[in-house]
1. Quick check, is residue 119 surrounded by fewer than 16 Cβ atoms within 10 Å (Cβ to Cβ) and at pLDDT 95 or above?
2. With respect to residue 110, is the statement that it is out of contact with any Pro (no Cβ under 6 Å at 6 or more places or on another chain), surrounded by 13 or more Cβ atoms within 10 Å (Cβ to Cβ) and without any contact (Cβ under 8 Å) to a residue 12 or more places away in the chain true?
3. Restricting attention to segment 142-188, report how many residues are polar (S, T, N, Q), at pLDDT below 95 and closer than 24 Å to residue 22 by Cβ.
4. Are there any pairs, at least 6 apart or on different chains, whose C-beta atoms fall under 7 Å, with the first in segment 116-136 and closer than 15 Å to residue 193 by Cβ and the second part of a helix (DSSP H, G or I) and among the β-branched types (Val, Ile, Thr), and if so, which?
5. So, of the residues in segment 190-216 that are aromatic (Phe, Trp, Tyr) and surrounded by fewer than 23 Cβ atoms within 10 Å (Cβ to Cβ), which turns out to be farthest from residue 21 (Cα to Cα)?
6. Looking at (1) in contact with a Pro (Cβ under 6 Å, 6 or more places away or on another chain); (2) without any contact (Cβ under 8 Å) to a residue 60 or more places away in the chain, which is the only condition residue 200 fails?
7. Of the conditions (1) among the aromatic types (Phe, Trp, Tyr); (2) buried (at least 22 other Cβ atoms within 10 Å of the Cβ); (3) under 16 Å from the mean Cα position of the chain (by Cα), residue 68 fails just one. Which one is it?
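The values are calculated or read from the model by the stated rules, or taken from the named source; none is laboratory data. Just so it is clear, the model here is predicted, and its values are computed rather than measured. All Cβ positions, glycine included, derive from the backbone under ideal geometry; neighbour counts span all protein chains shown.
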Amino acid sequence: MIFNKTCERSYQDQDGNTFLGVEIGNQCWMDRNLAVTKYPNGVSIPHVTDNTEWSALGNNDTDDAYCYYENTVNLEYGALYTYAAAIAKNWANDKNEGQGICPDGWHLPTDAEWTTLTEYLGGPAEAGKKLKEEGTEHWKTPNTGATNESGFTALPGGSHGNANFYFINETGYWWTATPTDSYVWARYLLYNSGETFKDPFEKSSGFSVRCIRNSN
């Protein structure tokens, strides 16, 4: 394994928040959703708390913004970011290629890297069970099939868009770094399913971010 001696330890992001690395196959993932307020180069991400202002954000790579669900700071669930924020305002505010909003040594995972994760965990029909945190402290009942066998501890941070917040405790959405036409692929998990799902979404959506560690 590439990471068997170095992945599973404590790290800090650029805001000083502590997280653990979790080794899944030959990948090293964060064990929680990102909650940073600035980019790797120190530039602050616009904190947009007004729903009307958020609704005016464009489906583009430069309207960067973050918020917390219903504007209540919750580091357990992490923050919600537009795609432009996730890719560091069109990759301008990171330090390394593909890093995006992630801490140094980590990067925003591509759709292919998410596929590697889900395939290692048994494919889309099974992987959600192994990714979701067990129980109903954070996930709505019945949290179908959840075992957290992987240690990923996926939480349902919900989403933001169209002047509203949606689906806290029911759905977790995560950005990939991979656009498709004018949209972007995102992965999501549901409280009433053990599957993993993939769909294209508008870049102005507010989703969670999980980072993956660089392999070199």
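1. Working: surrounded by fewer than 16 Cβ atoms within 10 Å (Cβ to Cβ): yes; at pLDDT 95 or above: yes.
Taking the combined requirement at face value, the residue satisfies it.
2. Details: out of contact with any Pro (no Cβ under 6 Å at 6 or more places or on another chain): yes; surrounded by 13 or more Cβ atoms within 10 Å (Cβ to Cβ): yes; without any contact (Cβ under 8 Å) to a residue 12 or more places away in the chain: no.
Here the answer is no, as residue 110 does not meet what is asked.
3. Within segment 142-188, residues that are polar (S, T, N, Q), at pLDDT below 95 and closer than 24 Å to residue 22 by Cβ number 1.
4. These pairs meet every condition: 124/118; 127/118.
5. The first filter runs over segment 190-216 and keeps only residues aromatic (Phe, Trp, Tyr), leaving 191, 197, 201, 207.
From what's left, surrounded by fewer than 23 Cβ atoms within 10 Å (Cβ to Cβ): 191, 197, 201.
Details: 191: 24, 197: 23, 201: 28 Å.
Among them, the one singled out is 201.
6. Residue 200 satisfies all of (1) in contact with a Pro (Cβ under 6 Å, 6 or more places away or on another chain); (2) without any contact (Cβ under 8 Å) to a residue 60 or more places away in the chain except (1).
7. Of everything listed in (1) among the aromatic types (Phe, Trp, Tyr); (2) buried (at least 22 other Cβ atoms within 10 Å of the Cβ); (3) under 16 Å from the mean Cα position of the chain (by Cα), residue 68 misses just condition (2).
Every residue, every condition in (1) farther than 24 Å from residue 120 by Cα; (2) in contact with a helix residue (DSSP H, G or I) (Cβ under 8 Å, 6 or more places away or on another chain), yes or no:
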| position | (1), (2) |
| --- | --- |
| 9 | no, no |
| 13 | yes, no |
| 19 | no, no |
| 29 | no, yes |
| 35 | yes, no |
| 62 | yes, yes |
| 66 | yes, yes |
